[in-house]
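Asker: Below is a structure I'd like to ask you about.
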């Protein structure tokens, strides 16, 4: 990979598994949702559905359910509605736990003049609830879900490109993307971001992140500011032969 020749002006950050540590909560909500449609734990259908859920991490939740219930839009929509209720119910009961150090990361990036856009596969209603629980309205510049991009969530590049347009970034090379899933990596590469950082704290393995096109791998989001502000660029860079 060639050296980055433009400064990073925009960071697009994933939520679950990257900035908030709620992977188990998400998976429980998926399990509850598919159970209402007759797919229950202990069956082969349940095992196959949860494998699909894991492989599809980061994608729009409705698209995940369409993959589980192909050709049955009503069933997919019903499961998606149950997922949203189950997840938001979990927020009410237990709240959310940000990844250690993430608030300091957000403050450091914004203090350096870098715009911050949160992108997610949650619906607009769920995203709004998550941000309300976190209290991050003053810490980020933008929060986008698939509904903001005509339904084209990850792995499409649209949410990153919408962020570029809405925050008036001059060049897609001034963008850094961070996420914990293969779909995050695909989104960043397809959008033309200079840095597509895979964080090893979430859903997918190093191998899956590399398969998606990660330019860098980091152990935690706390390493992200130094990476995108140039202090450690090269330290985490992945040689082209490894991709």
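Asker: Considering only segment 29-51, how many residues are surrounded by 15 or more Cβ atoms within 10 Å (Cβ to Cβ) and under 23 Å from the mean Cα position of the chain (by Cα)?
Answerer: 8
Asker: Would you point out which residue out of 118, 133, 103, 97 is within 28 Å of residue 211 (Cα to Cα) and either touching a strand residue (DSSP E or B) at 6+ places or on another chain (Cβ under 8 Å) or outside the structural domain of residue 33 (by TED's automatic domain parsing) (or both)?
Answerer: Answer to the check: 118.
Asker: Residues in segment 7-15: is at least one farther than 22 Å from residue 123 by Cα and surrounded by fewer than 23 Cβ atoms within 10 Å (Cβ to Cβ)?
Answerer: Yes: one or more hits.
Asker: Run residue 3 past the list (1) in contact with a helix residue (DSSP H, G or I) (Cβ under 7 Å, 6 or more places away or on another chain); (2) at pLDDT below 95; (3) assigned to a loop (DSSP other than H, G, I, E, B) and report the number of the one that doesn't hold.
Answerer: Failed condition: (1).
Asker: Among the residues of segment 108-130, which ones are buried (at least 16 other Cβ atoms within 10 Å of the Cβ) and more than 14 Å from residue 14 (Cβ to Cβ)?
Answerer: 108, 109, 110, 114, 115, 123, 126, 129
Asker: Given the structure, is residue 135 in contact (Cβ under 8 Å) with a residue 60 or more places away in the chain, surrounded by fewer than 21 Cβ atoms within 10 Å (Cβ to Cβ), out of contact with any helix residue (DSSP H, G or I) (no Cβ under 7 Å at 6 or more places or on another chain) and farther than 18 Å from residue 179 by Cα?
Answerer: For residue 135, the condition - in contact (Cβ under 8 Å) with a residue 60 or more places away in the chain, surrounded by fewer than 21 Cβ atoms within 10 Å (Cβ to Cβ), out of contact with any helix residue (DSSP H, G or I) (no Cβ under 7 Å at 6 or more places or on another chain) and farther than 18 Å from residue 179 by Cα - is not met.
Asker: Could you run through segment 183-223 and say how many residues are closer than 15 Å to residue 121 by Cβ, within 12 Å of the chain's Cα centre (by Cα) and modelled with pLDDT of 95 or more?
Answerer: 6
The values are calculated or read from the model by the stated rules, or taken from the named source; none is laboratory data. Just so we're clear, the structure is a prediction, and the values are computed from it rather than from any experiment. Because the Cβ atoms are built from the backbone with ideal geometry, glycine has one as well, and the counts that use them run over all protein chains shown.
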